[in-house]
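The values are calculated or read from the model by the stated rules, or taken from the named source; none is laboratory data. These numbers were taken from a predicted model, which means no experiment stands behind them. With ideal geometry, Cβ positions are generated from the backbone for all residues, glycine too; neighbour counts draw on all protein chains shown.
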Ligand code: 16G
């Protein structure tokens, strides 16, 4: 099975963000290029399956048994479409993923064929809380969606996370989020 460090998307996209236009402040100051000591913020790669990527995701919801074959198949699909920006924070001293978040861009016909951004699967490992990584990831993906010319960016979150997302300029919509579940 070929697992490697090829990034899901162009890593320079993360370094070229206009960090000064952030709506949140960081203390101590961190940024996508300097996320903290022994930490590296970068696009997902297939080798991350062996660095605890799924274990971090499982702190958000059920992940199930993901085989390397399934992981690679999904990764290749995501890479091919070019609409998936899965970012991870690696603790380089432990060689472990400690946080992740995803931006997906959805192509529309409305708004002159605009794109809508969606923030998904924002998770910081419980061993790495207090390092502003959630804030760093959401700021990064919000700025990235703007750079990619999304006309809006949305997310679903638990009621107790509303105040957190408001810091980045998100507000509760007057539309109701609905779902029909086919399985848990
Ligand atoms: C949260 C996540 C969403 C994720 C869902 C999983 C954020 C901002 N939202 O709503 O991305 O897909 O949880 O829950 O991270 P589920 O397993 O019940 O669908």
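Taking residue 43, is it closer than 22 Å to residue 6 by Cβ and in contact with a strand residue (DSSP E or B) (Cβ under 8 Å, 6 or more places away or on another chain)?
Working: closer than 22 Å to residue 6 by Cβ: yes; in contact with a strand residue (DSSP E or B) (Cβ under 8 Å, 6 or more places away or on another chain): yes.
Here the answer is yes, as residue 43 does meet what is asked.
Could you tell me which numbered condition residue 17 fails, if it satisfies all but one of (1) surrounded by 19 or more Cβ atoms within 10 Å (Cβ to Cβ); (2) touching a helix residue (DSSP H, G or I) at 6+ places or on another chain (Cβ under 7 Å); (3) not in a loop (DSSP other than H, G, I, E, B)?
(3)
Tell me whether region 149-169 contains one or more residues that are in contact (Cβ under 8 Å) with a residue 12 or more places away in the chain, away from the ligand (no atom under 16 Å from the Cβ) and not in a loop (DSSP other than H, G, I, E, B).
Scanning region 149-169, I find at least one residue that is in contact (Cβ under 8 Å) with a residue 12 or more places away in the chain, away from the ligand (no atom under 16 Å from the Cβ) and not in a loop (DSSP other than H, G, I, E, B), so the answer is yes.
Return yes or no: is residue 175 part of a loop (DSSP other than H, G, I, E, B), at pLDDT below 95 and more than 13 Å from the chain's Cα centre (by Cα)? Can you show your working first?
On the way: part of a loop (DSSP other than H, G, I, E, B): yes; at pLDDT below 95: no; more than 13 Å from the chain's Cα centre (by Cα): yes.
Spelling it out, it is not the case that residue 175 is part of a loop (DSSP other than H, G, I, E, B), at pLDDT below 95 and more than 13 Å from the chain's Cα centre (by Cα).
Test residue 59 against the criterion of being assigned to a loop (DSSP other than H, G, I, E, B), under 16 Å from residue 123 (Cβ atoms) and out of contact with any helix residue (DSSP H, G or I) (no Cβ under 6 Å at 6 or more places or on another chain), and give yes or no.
Working: assigned to a loop (DSSP other than H, G, I, E, B): yes; under 16 Å from residue 123 (Cβ atoms): yes; out of contact with any helix residue (DSSP H, G or I) (no Cβ under 6 Å at 6 or more places or on another chain): yes.
Answer is yes for this residue.
Determine whether region 75-87 contains at least one residue that is within 16 Å of the ligand (Cβ to nearest atom) and either without any contact (Cβ under 8 Å) to a residue 24 or more places away in the chain or more than 12 Å from residue 8 (Cβ to Cβ) (or both). Write out each step before concluding.
Just the residues of region 75-87 that are within 16 Å of the ligand (Cβ to nearest atom), to begin with: 78, 83-87.
Now drop any that are not either without any contact (Cβ under 8 Å) to a residue 24 or more places away in the chain or more than 12 Å from residue 8 (Cβ to Cβ) (or both), which leaves none.
No, because not a single residue in region 75-87 is within 16 Å of the ligand (Cβ to nearest atom) and either without any contact (Cβ under 8 Å) to a residue 24 or more places away in the chain or more than 12 Å from residue 8 (Cβ to Cβ) (or both).
Looking only at region 36-54, count every residue that is in contact (Cβ under 8 Å) with a residue 24 or more places away in the chain and within 16 Å of the ligand (Cβ to nearest atom) and tell me the total. Steps first, answer last, please.
In the first step, residues of region 36-54 are kept if they are in contact (Cβ under 8 Å) with a residue 24 or more places away in the chain; the result is 36, 38-53.
From the residues that got through so far, the ones that are within 16 Å of the ligand (Cβ to nearest atom) too are 44, 53.
Summing the residues that are in contact (Cβ under 8 Å) with a residue 24 or more places away in the chain and within 16 Å of the ligand (Cβ to nearest atom) in region 36-54 gives 2.
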